[in-house]
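J.: Would you mind keeping the following structure in view while I ask a few things?
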Amino acid sequence: KNQVEQSPQSLIILEGKNCTLQCNYTVSPFSNLRWYKQDTGRGPVSLTIMTFSENTKSNGRYTATLDADTKQSSLHITASQLSDSASYICVVSPIPGGGADGLTFGKGTHLIIQP
Amino acid sequence: EPEVTQTPSHQVTQMGQEVILRCVPISNHLYFYWYRQILGQKVEFLVSFYNNEISEKSEIFDDQFSVERPDGSNFTLKIRSTKLEDSAMYFCASSPTRDTQYFGPGTRLTVL
């Protein structure tokens, strides 16, 4: 069964610090992996999308890495800001072409940034 | 910047009643989706829609669910006879190319 596991479940850090969120998946065959940010009570917003051939992708202070051999991804947040407080969701697509059909979502990491 | 919009933001209904959740996708997008998220759980795919028909649906999307694109702008999800376990956030998403979905703010459905 396709699964996406994220760790930690929750994380509290001080404003200005860096942090790294982890995602392990068993989805196979694998097409692409996405990281979303979801503010409380809002819909997910895409941060990065990587195909199996990409190792790293950045979006401002967010940097995602991917190791397709070990089926692991990480999301690194640099110089955290209060507005980074949210759930970060790892989503893996098993279908070539990256369509939404069959997307497997992780439960997310709940990140809290404290002043 | 164009956004996906959803109405209502919160819907409270009695068990057994029909509900219709409405979405206005981004205007030039071609692919449309519904997801749901039960409180404290992960987002789950319900259905995808393209070219005026369902392209894929999950096990959750049973005969109680239906989707429609009644005109050029709206995309609706109907639940015919709601159950307690249908209580969740329902997210609509749209995409121009199937690669990145743009999610709406969600409708919180509470079934009493």
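J.: Are any residues in segment B:25-47 aromatic (F, W, Y) and in contact (Cβ under 8 Å) with a residue 40 or more places away in the chain, and if so, which ones?
T.: B:Y31, B:F32, B:Y33, B:W34, B:Y35
J.: Could you list, in sequence order, all residues of segment B:67-81 that are of a type in the set (A, V, I, L, M) and farther than 14 Å from B:F49 by Cα?
T.: Within segment B:67-81, just B:I79 meets the criteria.
J.: Please go through segment A:50-90 and pick out each residue that is in contact with a Gly (Cβ under 7 Å, 6 or more places away or on another chain) and within 14 Å of chain B (Cβ to nearest Cβ).
T.: If we filter segment A:50-90 for residues that are in contact with a Gly (Cβ under 7 Å, 6 or more places away or on another chain), which is where we start, we get A:79-80, A:87-90.
Once the filter is applied, which keeps residues that are in contact with a Gly (Cβ under 7 Å, 6 or more places away or on another chain) and within 14 Å of chain B (Cβ to nearest Cβ), segment A:50-90 yields A:S87, A:Y88, A:I89, A:C90.
J.: Please determine, by comparing only the residues of segment A:1-49 that are among the acidic types (D, E) and outside any strand (DSSP E or B), which one is farthest from the other protein chains (Cβ to nearest Cβ).
T.: Within segment A:1-49, the match that is farthest from the other protein chains (Cβ to nearest Cβ) is A:E15.
J.: Of everything in segment B:45-80, what is modelled with pLDDT under 95 and among the small types (G, A, S)? Give them in sequence order.
T.: Listed by number, the residues that qualify are B:S48, B:S55, B:S58, B:G72, B:S73.
J.: Hand me the list of strands (runs of 3 or more DSSP E) wholly inside segment B:50-112 holding 1 or more residues that are open to solvent by 30 Å² or more (accessible area, probe 1.4 Å) and touching a Ser or Thr at 6+ places or on another chain (Cβ under 7 Å).
T.: B:53-57, B:65-68, B:75-79, B:107-111
J.: Take B:P8 and decide whether it is within 15 Å of the chain's Cα centre (by Cα), under 24 Å from A:S93 (Cα atoms) and either at pLDDT 95 or above or not hydroxyl-bearing (S, T, Y) (or both). Break it down into steps so the answer makes sense when it comes.
T.: Numbers: within 15 Å of the chain's Cα centre (by Cα): yes; under 24 Å from A:S93 (Cα atoms): no; either at pLDDT 95 or above or not hydroxyl-bearing (S, T, Y) (or both): yes.
It is false that B:P8 is within 15 Å of the chain's Cα centre (by Cα), under 24 Å from A:S93 (Cα atoms) and either at pLDDT 95 or above or not hydroxyl-bearing (S, T, Y) (or both).
J.: Still on this structure, I have one more. Going through segment A:1-54 one residue at a time, which ones are buried (at least 19 other Cβ atoms within 10 Å of the Cβ) and of a type in the set (K, R)?
T.: A:R34, A:K37
J.: Taking only segment A:81-100 into account, find how many residues are open to solvent by 10 Å² or more (accessible area, probe 1.4 Å) and either in contact with a strand residue (DSSP E or B) (Cβ under 8 Å, 6 or more places away or on another chain) or modelled with pLDDT of 70 or more (or both).
T.: Here the count works out to 6.
J.: The conditions are (1) under 13 Å from the mean Cα position of the chain (by Cα); (2) farther than 26 Å from B:S55 by Cα, and A:D69 fails exactly one of them. Which is it?
T.: For A:D69, the exception is condition (1).
J.: Does segment A:55-69 contain any residue that is surrounded by fewer than 16 Cβ atoms within 10 Å (Cβ to Cβ), in a strand (DSSP E or B), acidic (D, E) and without any contact (Cβ under 8 Å) to a residue 60 or more places away in the chain?
T.: yes
J.: Considering only residues that are more than 8 Å from every other protein chain (Cβ to nearest Cβ) and either closer than 13 Å to B:S27 by Cα or touching an Asp or Glu at 6+ places or on another chain (Cβ under 7 Å) (or both), look in segment B:82-96 and name the one that is modelled with the lowest pLDDT.
T.: Restricting to residues being more than 8 Å from every other protein chain (Cβ to nearest Cβ) and either closer than 13 Å to B:S27 by Cα or touching an Asp or Glu at 6+ places or on another chain (Cβ under 7 Å) (or both), the top hit is B:P96.
The values are calculated or read from the model by the stated rules, or taken from the named source; none is laboratory data. Quantities reported herein were computed from a predicted structural model and do not represent experimental measurements. Positions of Cβ are generated from backbone atoms using ideal geometry, with glycine treated the same way; all protein chains shown enter the neighbour counts. Side chains are part of the model used for accessible areas, which takes the heavy atoms of the whole protein and leaves out ligands, DNA and RNA. Shrake-Rupley method; radii C 1.70, N 1.55, O 1.52, S 1.80 Å.
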